[in-house]
1. If you check every pair at least six apart or on different chains, which have Cβ atoms under 6 Å apart with a residue in the stretch 148-161 that is touching a residue at least 60 places away in the same chain (Cβ under 8 Å) first and a residue that is assigned to a strand (DSSP E or B) and not basic (Lys, Arg) second?
2. Somewhere in the stretch 145-155, is a residue closer than 25 Å to Asp94 by Cβ, under 11 Å from the mean Cα position of the chain (by Cα), surrounded by 15 or more Cβ atoms within 10 Å (Cβ to Cβ) and at pLDDT 90 or above?
3. With the requirement that a residue be exposed (fewer than 10 other Cβ atoms within 10 Å of the Cβ) and either modelled with pLDDT under 90 or in contact with a His (Cβ under 8 Å, 6 or more places away or on another chain) (or both), what does the stretch 156-190 give you?
4. Report yes if Ile113 is out of contact with any Gly (no Cβ under 9 Å at 6 or more places or on another chain) and at negative phi, otherwise no.
5. Determine whether Ile65 is in a loop (DSSP other than H, G, I, E, B), surrounded by 12 or more Cβ atoms within 10 Å (Cβ to Cβ) and modelled with pLDDT under 55.
6. With (1) free of Cβ contacts under 8 Å to residues at least 12 places away in the same chain; (2) surrounded by 13 or more Cβ atoms within 10 Å (Cβ to Cβ) as the list, and Asp122 as the residue in question, which single condition is left unmet?
7. Please verify whether the stretch 96-110 includes one or more residues that are crowded, with 17+ Cβ neighbours inside 10 Å and in contact with a Cys (Cβ under 8 Å, 6 or more places away or on another chain).
8. If you go through the stretch 139-179 one residue at a time, how many are within 19 Å of Lys71 (Cβ to Cβ), among the β-branched types (Val, Ile, Thr) and in a helix (DSSP H, G or I)?
Amino acid sequence: MKIVKYNEFLNENLYDTPEVYVDGALMNLKNKIDKIFDYDGLDDVSTDVNNKTISLDKAKEKGKISDDEKKISFKELNIKLESSEISKYSKLNDSITIKFSDKEHFYNLLVVIPLEEGYPKDKEKNFDVKDIKKCFIKFKKYSKDNFELLGQLSKNCKIKDIDEDFLVDLKIDIDKSYNQDDEELNIETV
């Protein structure tokens, strides 16, 4: 047993548990993502920067608008948030699950923050929720007709990079990678 003097006890750096820090990071991320989907009503057509109407297919084709214009938003792609939930049941990884949909597909985004990210790296510096940097994401695409898994992407990324542009790019990537409409079976006969 180590005996600590009262002065040393007062100056000792005490931290919350790693679970508290990871939970705080997940709550911040959940609030950030919920704000992305905070818009009213969905239309079949959307408008671009010049207030011209564009179809959903054309918005998908565009992907990113030129640099002098803004990027496509979830509102323009007619994406609707279904749910966002935090899970703290795992002993090593806490996560947040975001479910959203468009007319034809469901999407499931799982963001996992390992508990080891909640430990302070520098014992002399005050540790904060903002010091948690890394996460792992798994993004899945499902068919609305039969709930069949159409594709999935996994990657490690930084928490600060997860914003609307990141999610739109992720959706466009999975749509391009696993587009079932383009893969028709053609048989040529001579």
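1. Ile159/Cys135
2. no
3. Answer for the stretch 156-190, where residues must be exposed (fewer than 10 other Cβ atoms within 10 Å of the Cβ) and either modelled with pLDDT under 90 or in contact with a His (Cβ under 8 Å, 6 or more places away or on another chain) (or both): Asp181, Asp182, Glu183, Glu184, Leu185, Asn186, Ile187, Glu188, Thr189, Val190.
4. Yes, satisfied.
5. Values: in a loop (DSSP other than H, G, I, E, B): yes; surrounded by 12 or more Cβ atoms within 10 Å (Cβ to Cβ): yes; modelled with pLDDT under 55: yes.
Yes: the conditions hold for Ile65.
6. Condition (2) is where Asp122 drops out.
7. No, there is no match, as no residue in the stretch 96-110 is crowded, with 17+ Cβ neighbours inside 10 Å and in contact with a Cys (Cβ under 8 Å, 6 or more places away or on another chain).
8. The total comes to 3.
The values are calculated or read from the model by the stated rules, or taken from the named source; none is laboratory data. Please read these numbers as outputs of a predicted model, since none were measured by experiment. Note: ideal-geometry Cβ built from the backbone for every residue, glycine included; neighbour counts use all protein chains shown.
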